[in-house]
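Only one structure is covered here, and it is reproduced in the block below.
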Amino acid sequence: MGLFLAQLLTGLANAGALFMVASGLSLIFGVTRIVNFAHGSFYMLGAYVGYTLMQVLPGMVGFWGAILLAGIIVGLIGVIVEICVLRPVYSAPELFQLVATFGVILVIQDLTLMIWGAEDLLGPRAPGLKGVVRILDEPVPQYDLALIAITPFVAFALWYLISKTRVGILVRAATQDREMVGALGVNQSWLFTGVFFLGCALAGLGGAVQLPKGGADLLMDFNILTSVFVVVVIGGMGSLPGAYLAAVIISVLNVFGVSYMPQSTLVLMFVVMVVVLIFRPFGLFGKEEVAGEHGQVGEPERPIKPAGLRVRMLVLAGLVLLGLIPVLGSNFAEVLATDILIFCLFAASLHFMLGQGGLVSFGHAAFFGGGAYVAALLVTYADTPMELAMVLAPLGAGLAAVVIGWVCLRSTGVYFAMLTLAFAQLLWSLVFQWGDITGGDDGLVNIWPSAWASSNTVFFYLALVICVGGILLLRHAAHSPFGYALRAARDSARQAEAMGIHTKRIQWVAFAFAGAMAGIAGGLFVFSKGSVFPNELEIARSFDALIVVFLGGVKTLSGGWVGGASFEAVKDYLTRFEYWRLALGLLIIGVVILAPEGIVGSLRKLGERIGFLNAAEDKR
Amino acid sequence: MSAVLTVEHLSRAFGAIKAVDDVSFSLEQGELLALIGPNGAGKSTCFNMLMGQLKPTGGLVRLNGEKITGLAPRQIWRKGVGRTFQITATYSSMTVVENVQMSLISHHRRIYSMLPYAHRLYRARALALLDTVGMADQADRHCAVLAYGDLKRLELAVALAHEPKLLLMDEPTAGMAPRERIALMQLTADIVRDQGVSCLFTEHDMDVVFAHAHRIMVLNRGQLIANGTVDEIRNNPQVQEVYLGGGMLFNPADGPAGTPERETGHA
Ligand SMILES: Nc1ncnc2c1ncn2[C@@H]1O[C@H](COP(=O)(O)OP(=O)(O)OP(=O)(O)O)[C@@H](O)[C@H]1O
Ligand SMILES: [Mg+2]
């Protein structure tokens, strides 16, 4: 009984920081509709800034003052980010901003590394709260009790701010109807900045307040990001009470999970999230997202048509050049080109469902890594030959996509995206924690191609044929009735349904198709590397593909592979430098600001201006 | 003559509001039937229930004697019902002719086909349909740049693509210039006459209604208050009161057709 109570209290204490971070994210999303991937980074900054302040400020007042100050400083950093990075891209196409926030993550990671170094910092203990209290014979840290007491005050203050003050009323109005606030004569951009300050300050507070429990390290940003997203989604995007309840549920569950089912800790919160979303597709307290609420900003997407002769010639010439790499280039060039080709197919598969179907998936790595693991497991345990394994990899990934798609497509928009993320994480934790079979963190190794394909050159040509073939297949699918029906479902589900199109089913098929295509890439990947590790299923992998699709251009047909090729090539070059994340992050932010239509979209404009391409027949 | 559409005690409540309250009527083969009523009378709600976008809280809809309540819009469409929306719903990333082709592709059950180029399928037929509504010259334009009136005509072509037996048109002429309205209703009347289609439509422009409708029903606050020929409706004192009381005159210039419109999307 005592142990049970003690664990419950630990869970409640952990919920404090989680709630602060989550409510900040929720607030930002509610008002600006930006999915702030960088929110974990602000949490991390809060911890580091708080740590430094605690070194200088003495005593109890200094400790709490440091936490408060850390929140304010992080809030101000958030304001800088909002003004410099996000303001220029508010008018960019839907969800494009999240790419910018991804750039911010990279930048903050390296800046933190530069300032505070790579070593983990042990958080100082709170003056006056260093001891433990015995409750039913179980020791409970005093600081935990303090946190349990403080969190409701923070929640209450936030609630008061939102529901009782004029600012809060504006914020709430903006959450419900952004246009209306503009009509009320309120300066919308300063409202956004204000909300960003508040949201980031909360994240910073959360980071600082957990210092005595968790310290500060460079992995904090991604580590908390998943839990925070899960909390916000379970609670319902934009709902404060929802965030609080969900933070408590997740934290308590985690504590009990660690003691009673240690194998399941990573999976547990995703299972809860999936169950909640199956019964309440918009979270516990969330409201249905009205389609089109985000507002299609930017130019309307153009009709597609098969490439003209000139472009085909250009592509053919490019392919010939690619085919010459083994003749002209080095062994290194072959390997790099193989990597890039595989990544391009992966990106193109996501681009198909995202661009044509409007299905924004945060967890596409599930199918890339899934395909890779299917092939690796088959080789390891059944001595399957490469050829067969490469066929079964997309089948396995496709099958997974059928199941996962069925669940995820019950929700839409951000909730859909979060569900896909959850499933990718689920698969990742499965692979990670089921070490007996999957090798866990050590991965599966010694998975080499058949003898005939074992030279780098032959494998390069194999990858060239399969990946280019796959990309062309995806492209053709976009021009086929299936691709058109998928686009119809995205453009106007209402009309499509009134035209005999089962929109959910067509999206489901597209999801499975894209999953299978990613599986092909995954299968190739294993044999090119000879091994596979859980990080092929990681969030970072999914985000890579997502970023690439946006950078390449969502509203173009070739955005996926062009983005993939540019990104991989640039990344390969930059990773030779120490602070490559900083450079890559700044580059991403730069592209987002300068070329909001993505690389292909901007090139197309340029091509039209110089007369290489025919301009669209209609200009607005 | 036989009834194509029979509606029995159809009702729909939104919380305390009875948007449609015990409405019964039938639509004969080849008939052009108008459903009129002031803003918020429940016309769109009624259409949404006929086409399956909304589930009724009570009542029955029969198509050629077969019960269709509870079916999804796509199933009702396959049974030969076409509709246009009060607020146009078109595919803005496609060209005008592709919008019509999409409907033809679905009609021929080829939406899962991955082999052919979609823009080559049924193009001739789609162009012929566009020609009927006078849009052939704009066939290859980008749908997103069309004028509102043109979008309305495109929607009609789309709705006609699968040769429906029953056509439901929710304010087909909203947002159009007066001359365009008359032309479009004339066109609809011709289609009804020539192709044996039955048609139910709503319309705020009384001149248009009186000129073309075979029969008129009046809806007010969810209830059907009148159902009769053009002359009966014109002289019905109750109808006059609803319209005059609502500040609405039988005069297109003062009609509320240009007022902001709302439409419930399907679930
Ligand atoms: N989804 C909904 N939720 C709540 N109330 C609704 C909903 N849809 C319609 N209503 C209400 O039902 C009533 C009828 O609306 P409806 O749109 O059917 O009217 P209408 O006759 O089409 O009007 P208009 O001429 O303006 O198009 C209105 O009072 C409206 O506010
Ligand atoms: Mg209406």
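The values are calculated or read from the model by the stated rules, or taken from the named source; none is laboratory data. What you see is a predicted model, and the numbers here were worked out from it, not measured in a lab. Virtual Cβ from ideal backbone geometry, glycine too; neighbours counted across all protein chains shown. The area values use the complete protein model at the heavy-atom level, side chains included, leaving out ligands, DNA and RNA. Shrake-Rupley method; radii C 1.70, N 1.55, O 1.52, S 1.80 Å.
Conditions first: (1) assigned by TED's automatic domain parsing to the domain that holds A:PHE459; (2) in contact with a helix residue (DSSP H, G or I) (Cβ under 9 Å, 6 or more places away or on another chain). A:ASP383 passes all but one, so which condition is the exception?
(2)
Can you go through A:GLU288, A:GLU301, A:GLU293, A:GLU334 and tell me which one is open to solvent by less than 30 Å² (accessible area, probe 1.4 Å), modelled with pLDDT under 85 and either within 14 Å of chain B (Cβ to nearest Cβ) or in contact with a Pro (Cβ under 7 Å, 6 or more places away or on another chain) (or both)? Walk me through how you get there before you give the answer.
Numbers: A:GLU288 fails: open to solvent by less than 30 Å² (accessible area, probe 1.4 Å); A:GLU293 fails: open to solvent by less than 30 Å² (accessible area, probe 1.4 Å); A:GLU334 fails: modelled with pLDDT under 85.
A:GLU301 is the lone residue from the list that is open to solvent by less than 30 Å² (accessible area, probe 1.4 Å), modelled with pLDDT under 85 and either within 14 Å of chain B (Cβ to nearest Cβ) or in contact with a Pro (Cβ under 7 Å, 6 or more places away or on another chain) (or both).
Of the residues B:ALA34, B:ALA13, B:ALA19, which is within 15 Å of ligand 1 (Cβ to nearest atom), in a strand (DSSP E or B), of a type in the set (Gly, Ala, Ser) and under 15 Å from the mean Cα position of the chain (by Cα)?
Every option except B:ALA34 fails the conditions.
For the range A:452-472, indicate whether the set of residues that are surrounded by fewer than 23 Cβ atoms within 10 Å (Cβ to Cβ), within 21 Å of the chain's Cα centre (by Cα) and in a loop (DSSP other than H, G, I, E, B) is non-empty. Lay out the reasoning, then the answer.
Narrowing the range A:452-472 to residues surrounded by fewer than 23 Cβ atoms within 10 Å (Cβ to Cβ): A:452-459, A:461-462, A:464-466, A:468-469, A:472.
Right, trim to within 21 Å of the chain's Cα centre (by Cα) and you get none.
Looking for residues that are surrounded by fewer than 23 Cβ atoms within 10 Å (Cβ to Cβ), within 21 Å of the chain's Cα centre (by Cα) and in a loop (DSSP other than H, G, I, E, B), one finds none in the range A:452-472, hence no.
Would you check which residues across the range B:163-204 are buried (at least 19 other Cβ atoms within 10 Å of the Cβ) and of a type in the set (S, T, N, Q) and list them?
Residues satisfying the conditions are B:THR173, B:THR188, B:SER198, B:THR202.
Return yes when A:GLY59 is surrounded by fewer than 16 Cβ atoms within 10 Å (Cβ to Cβ), at pLDDT below 95 and assigned by TED's automatic domain parsing to the domain that holds A:GLY215 and no when it is not. Working first, answer last.
Numbers: surrounded by fewer than 16 Cβ atoms within 10 Å (Cβ to Cβ): yes; at pLDDT below 95: yes; assigned by TED's automatic domain parsing to the domain that holds A:GLY215: yes.
Spelling it out, A:GLY59 is indeed surrounded by fewer than 16 Cβ atoms within 10 Å (Cβ to Cβ), at pLDDT below 95 and assigned by TED's automatic domain parsing to the domain that holds A:GLY215.
Which members of the range B:69-84 meet the condition of being open to solvent by less than 10 Å² (accessible area, probe 1.4 Å), hydrophobic (A, V, I, L, M, F, W, C) and more than 7 Å from every other protein chain (Cβ to nearest Cβ)?
B:ILE76, B:VAL81
Taking the range B:203-226, which residues are farther than 16 Å from B:PRO172 by Cβ and within 16 Å of ligand 1 (Cβ to nearest atom)?
B:MET217, B:VAL218, B:LEU219, B:ASN220, B:ARG221, B:GLY222, B:GLN223, B:LEU224, B:ILE225, B:ALA226, listed by residue number.
Within the range B:37-62, track down each residue that is within 14 Å of chain A (Cβ to nearest Cβ), in a helix (DSSP H, G or I) and within 9 Å of ligand 1 (Cβ to nearest atom).
Correct list: B:SER44, B:PHE47, B:ASN48.
Test of understanding: among A:VAL554, A:VAL509, A:VAL562, which residue is open to solvent by 10 Å² or more (accessible area, probe 1.4 Å), within 14 Å of chain B (Cβ to nearest Cβ), farther than 23 Å from A:PHE37 by Cα and among the β-branched types (Val, Ile, Thr)?
A:VAL509
Right, A:ASP144: surrounded by 22 or more Cβ atoms within 10 Å (Cβ to Cβ) and either modelled with pLDDT under 90 or over 21 Å from A:ILE547 (Cα atoms) (or both) or not? So that I can check it myself, show each step before the final result.
Working: surrounded by 22 or more Cβ atoms within 10 Å (Cβ to Cβ): yes; either modelled with pLDDT under 90 or over 21 Å from A:ILE547 (Cα atoms) (or both): yes.
So A:ASP144 fits the description; yes.
Checking B:GLN186 against (1) within 14 Å of the chain's Cα centre (by Cα); (2) among the polar types (S, T, N, Q); (3) assigned to a helix (DSSP H, G or I), which single condition isn't satisfied?
Here B:GLN186 clears every test but (1).
Could you count how many residues in the range B:146-183 are part of a helix (DSSP H, G or I) and modelled with pLDDT of 90 or more?
Restricting attention to the range B:146-183, the residues satisfying the condition of being part of a helix (DSSP H, G or I) are B:148-160, B:178-183.
Now narrow it down to the ones that are modelled with pLDDT of 90 or more: B:150-160.
Count: 11.
Please verify whether B:ALA144 is under 12 Å from B:ILE191 (Cβ atoms), within 12 Å of chain A (Cβ to nearest Cβ) and crowded, with 21+ Cβ neighbours inside 10 Å, treating the condition exactly as stated.
So B:ALA144 does not fit the description; no.
Can you work out which of the residues in the range B:17-68 that are open to solvent by 10 Å² or more (accessible area, probe 1.4 Å) and among the β-branched types (Val, Ile, Thr) is nearest to ligand 2 (Cβ to nearest atom)?
It comes out as B:THR45.
Taking the range B:157-176, which residues are closer than 17 Å to B:LEU50 by Cβ and away from ligand 1 (no atom under 16 Å from the Cβ)? Spell out how you get there, then give the answer.
Of the residues in the range B:157-176, the ones closer than 17 Å to B:LEU50 by Cβ are B:159, B:162, B:164-172.
Hits for the range B:157-176 are B:ALA159, B:HIS162, B:PRO164, B:LYS165, B:LEU166, B:LEU167.
When you look at A:ARG172, is it basic (Lys, Arg) and outside any helix (DSSP H, G or I), yes or no? Please lay out each step first, then the result.
Numbers: basic (Lys, Arg): yes; outside any helix (DSSP H, G or I): no.
Spelling it out, it is not the case that A:ARG172 is basic (Lys, Arg) and outside any helix (DSSP H, G or I).
Being among the polar types (S, T, N, Q), open to solvent by less than 20 Å² (accessible area, probe 1.4 Å) and more than 10 Å from every other protein chain (Cβ to nearest Cβ) is the filter here, so list the residues in the range B:85-135 that pass it.
Answer for the range B:85-135, where residues must be among the polar types (S, T, N, Q), open to solvent by less than 20 Å² (accessible area, probe 1.4 Å) and more than 10 Å from every other protein chain (Cβ to nearest Cβ): just B:GLN86.
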